[in-house]
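The values are calculated or read from the model by the stated rules, or taken from the named source; none is laboratory data. Here the structure is a predicted model, which means the values were calculated and not measured. Glycine gets a Cβ as well: all are built from the backbone with ideal geometry, and neighbour counts include every protein chain shown. Side chains are part of the model used for accessible areas, which takes the heavy atoms of the whole protein and leaves out ligands, DNA and RNA. Shrake-Rupley method; radii C 1.70, N 1.55, O 1.52, S 1.80 Å.
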Amino acid sequence: MASVAAKSLHLPAATAAERSSLTPYSTAASVSFSSLRSQSSFLGLRLALPLKTPCFSKRTEGRRLRIEAAAAARPTVLVAEKLGDAGLDLLRGFANVDCSYNLAPEELCAKISLCDALIVRSGTKVTREVFEAAKGRLKVVGRAGVGIDNVDLQAATEHGCLVVNAPTANTVAAAEHGIALLASMARNVAQADASMKAGKWQRNKYVGVSLVGKTLAVMGFGKVGSEVARRAKGLGMHVIAHDPYAPADRARAIGVELVSFDEAISAADFISLHMPLTPSTAKLFNDETFAKVKKGVRIINVARGGVIDEDALVRALDDGTVAQAALDVFTVEPTPKDSKLVMHEKVTVTPHLGASTVEAQEGVAIEIAEAVIGALKGELAATAVNAPMVPAEVLSELAPYVILAEKLGRLAVQLVAGGSGVKGVKVVYKSARDPDDLDTRILRAMVTKGIIEPISSVFVNIVNADYTAKQRGLRISEERIFHDDTPEIPLDSIQVQLTNVESKFASALSDAGDIRVEGRVKDGIPHLTLVGSFSVDVSLEGNLILCRQVDQPGMIGHVGRILGNQNVNINFMSVGRTAPRKHAIMAIGVDEEPDKETLKQIGEIPAIEEFVFLGL
Ligand SMILES: NC(=O)c1ccc[n+]([C@@H]2O[C@H](COP(=O)([O-])OP(=O)(O)OC[C@H]3O[C@@H](n4cnc5c(N)ncnc54)[C@H](O)[C@@H]3O)[C@@H](O)[C@H]2O)c1
Ligand SMILES: O=C(O)[C@H](O)COP(=O)(O)O
């Protein structure tokens, strides 16, 4: 990309062609509008990938080449834990699928740089080392299940890798397992079974407790928790729940009262855990908590082992504070052979089987395969964990504005004079929509992408945009201006302002001294409509030359002739002026990038006071 300003020529280190040959992602400048419509730039995906050469005889050489060509265009998905066949079939229809189970961490790191997607369950730790070893190729991690505590989300985000999960397909299975553990613990099913198999007949030892009329505290009233509550009510239990974020009307609809943490644990005969493992829930059940429970309480955990301080639980079981526990999940999985908790006679255990039903695993496999394929196609997944979840219809409506946002960012940053350093960015959206009705996170991300990519080697996508901006000390603020003219379209205009910078094209500065560019979408095409305080109208396709000149006849012809002589095609031209025969800005859209000599000739036209070439 060349930039020319104030009649002098500035050439950054890499040209557009060099830059695109360096980038593993497609840049917006090289992606057509129709492909952007299909959202392929949101994740900056590139689907042409290297593949190992399979062995074929000479007779089949032609076929081999055709197969290789087809295979090379397919992404590679590493499935690191057992996945249902229906999901594998879907994946194989779209990608090369490598099913390699039980990989050691170093084996996973060794493979990952050859993969575009990784699918795991809870048994694989996707650590920072994995993202680093991927060397930028890994685009998506699919967690075939709910809990994403085995994936380093921060590292994923920093590496621009999308994480998606399959949050719904195993809900019922987990809830049913919770109920199975509740009932079997209350009636000592596992212990009695083991005793009989050891040749004993101990009817007095295994007298249980009844469920009907007992109080069950559901801790975490999300998908699984509410299904457990529903089932427990069917067993005649009195169900209360604690969840600081759950809507009261959802609880009321199931006939459950939402109470405080202390109320829940002190009133319950049974406590069933259904919250995620987060820094604030880690070891939430500890000595202090057990000191507040009703003596003889029974605890079920099908959420995450780390929510309980396991040593504290052993102490509470030993002194009778907790009568029994039924656990499907553990802090360390697989559990150590000598785990006191697992061996405890008052504890019933299963090896993380909550999601393990035939039906749930088929459902999860399909759910995750669809999410991963969608992400590899560049669509924003509805189950994205580390990126904005934007419904498809909103996304399709915003698509042209997404392109506009990126191009405005790209334009604005190229107008900055070397050395002034961009720190403050303001994005102003003019819209007739209610703030709640317009999700601007994607637009903000794309402005960020547009600003950062031309000046760095960092590749920015929807996943890492906010993180990258923060890392670079870029403060991005947003403002909404209500404009009631056009409620049928999401946005009237987007304006990007770079504050406290000098511009290599002084006319791009507003009266307030900020670089200011504004654009609109017209007939689905992004247009530049304002530069500094000059109104222009030029479609943002190809490249752009901005000139400020003394307004006089013949200027368009003069510049047009110079470009024409060099076979540079003008696709759009617009002139904005302060007053007749005073100053004017000419915005010229060109398909090709003019060479230095052509730009020099334009700069030498006497009436031209300053000009700049901008690659889009
Ligand atoms: N054992 C299994 O095989 C299995 C299967 C599925 C889910 N799970 C686990 O079950 C848990 C719940 O899954 P889900 O699908 O219901 O998730 P969910 O996100 O639908 O529900 C979690 C709920 O916990 C609540 N919560 C968060 N912090 C809390 C806190 N400090 N106190 C109380 N509530 C809090 C949230 O508001 C949310 O409503 C997760 O940990 C998941 O990994 C385990
Ligand atoms: O969070 C989940 O979805 C469950 O813990 C299931 O984990 P799994 O996929 O390893 O069975």
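So the values come out like this:
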| item | result |
| --- | --- |
| Leading residue by the ranking (surrounded by the most Cβ atoms within 10 Å (Cβ to Cβ)) among those in segment 534-555 that are over 43 Å from the mean Cα position of the chain (by Cα) and under 27 Å from Gln495 (Cα atoms) | Gln549 |
| Residues of segment 138-154 satisfying the condition of being open to solvent by 30 Å² or more (accessible area, probe 1.4 Å) and within 15 Å of ligand 1 (Cβ to nearest atom) | Val146, Ile148, Asp149, Leu153 |
| Residue in segment 575-590 that is farthest from Glu604 (Cα to Cα), counting only those that are within 43 Å of the chain's Cα centre (by Cα) and modelled with pLDDT under 85 | Gly576 |
| Residues of segment 125-137 satisfying the condition of being touching a residue at least 60 places away in the same chain (Cβ under 8 Å) and either touching a Pro at 6+ places or on another chain (Cβ under 6 Å) or within 16 Å of ligand 1 (Cβ to nearest atom) (or both) | Gly136 |
| Among the residues listed as Val402, Val358, Val372, the single one being closer than 27 Å to Ala173 by Cβ, touching a Leu at 6+ places or on another chain (Cβ under 8 Å) and of a type outside the set (Ser, Thr, Tyr) | Val372 |
| Any pair with Cβ under 6 angstrom, 6 or more apart, that starts in segment 113-124 at a residue that is of a type in the set (S, T, N, Q) and ends at one that is more than 16 Å from ligand 1 (Cβ to nearest atom) and assigned to a loop (DSSP other than H, G, I, E, B) | Ser113/Ala134; Ser113/Lys135; Ser113/Arg137; Thr124/Ala80 |
| Residues of segment 126-151 satisfying the condition of being more than 12 Å from ligand 2 (Cβ to nearest atom) and either part of a loop (DSSP other than H, G, I, E, B) or under 19 Å from Ala365 (Cα atoms) (or both) | Val126, Thr127, Ala134, Lys135, Gly136, Arg137, Leu138, Lys139, Val140, Val141 |
| Output for segment 90-112, where each listed residue is open to solvent by 10 Å² or more (accessible area, probe 1.4 Å), farther than 28 Å from Pro334 by Cα and in contact (Cβ under 8 Å) with a residue 24 or more places away in the chain | Leu90, Phe94, Asn96 |
| Total residues in segment 313-352, condition within 33 Å of the chain's Cα centre (by Cα) and open to solvent by 70 Å² or more (accessible area, probe 1.4 Å) | 5 |
| The lone exception for Ser493 - which of (1) among the polar types (S, T, N, Q); (2) open to solvent by less than 10 Å² (accessible area, probe 1.4 Å); (3) on the phi > 0 side of the Ramachandran plot it fails | (3) |
| Conditions (1) out of contact with any Pro (no Cβ under 8 Å at 6 or more places or on another chain); (2) more than 16 Å from ligand 2 (Cβ to nearest atom): number failed by Ala371 | (2) |
| Yes/no for Ile119 being out of contact with any His (no Cβ under 9 Å at 6 or more places or on another chain), crowded, with 22+ Cβ neighbours inside 10 Å, closer than 20 Å to Thr357 by Cβ and not polar (S, T, N, Q) | yes |
| Odd one out for Leu498, checked against (1) part of a loop (DSSP other than H, G, I, E, B); (2) open to solvent by less than 10 Å² (accessible area, probe 1.4 Å) | (1) |
| Candidates Arg475, Arg444, Arg520, Arg480, filtered to the one that is without any contact (Cβ under 8 Å) to a residue 40 or more places away in the chain and among the basic types (Lys, Arg) | Arg444 |
| Every residue from segment 174-205 that is surrounded by 12 or more Cβ atoms within 10 Å (Cβ to Cβ), of a type outside the set (A, V, I, L, M) and in a helix (DSSP H, G or I) | Glu176, His177, Gly178, Ser184, Gln191, Asp193, Ser195 |
| Complete set of residues in segment 215-230 that are aliphatic (A, V, I, L, M) and either more than 16 Å from ligand 2 (Cβ to nearest atom) or open to solvent by less than 10 Å² (accessible area, probe 1.4 Å) (or both) | Leu216, Ala217, Val218, Met219, Val228, Ala229 |
| Residue tally, condition in contact (Cβ under 8 Å) with a residue 24 or more places away in the chain and more than 14 Å from ligand 1 (Cβ to nearest atom), over segment 164-188 | 5 |
| Where Pro388 falls short, out of the listed (1) closer than 24 Å to Lys504 by Cα; (2) open to solvent by 10 Å² or more (accessible area, probe 1.4 Å) | (1) |
| Subset of segment 152-167 [in contact with a Gly (Cβ under 8 Å, 6 or more places away or on another chain) and closer than 13 Å to Gly363 by Cα] | Asn165, Ala166 |
| Residue match in segment 285-293 (condition: of a type in the set (Gly, Ala, Ser), away from ligand 1 (no atom under 14 Å from the Cβ) and open to solvent by 10 Å² or more (accessible area, probe 1.4 Å)) | yes |
| Strands (runs of 3 or more DSSP E) within segment 507-616 that include 2 or more residues of a type in the set (S, T, N, Q) | 534-539, 543-550, 570-577 |
| Counted residues, segment 226-256 - those being charged (D, E, K, R) and part of a loop (DSSP other than H, G, I, E, B) | 1 |
| Residue satisfying all of: in segment 231-256; at pLDDT below 95 and in contact with a strand residue (DSSP E or B) (Cβ under 6 Å, 6 or more places away or on another chain); farthest from ligand 2 (Cβ to nearest atom) among these | Ala248 |
| Some residue of segment 163-176 being away from ligand 2 (no atom under 16 Å from the Cβ) and either over 16 Å from Lys223 (Cβ atoms) or at pLDDT 95 or above (or both) | no |
| Conditions (1) farther than 30 Å from Glu81 by Cα; (2) open to solvent by less than 10 Å² (accessible area, probe 1.4 Å): number failed by Asp436 | (2) |
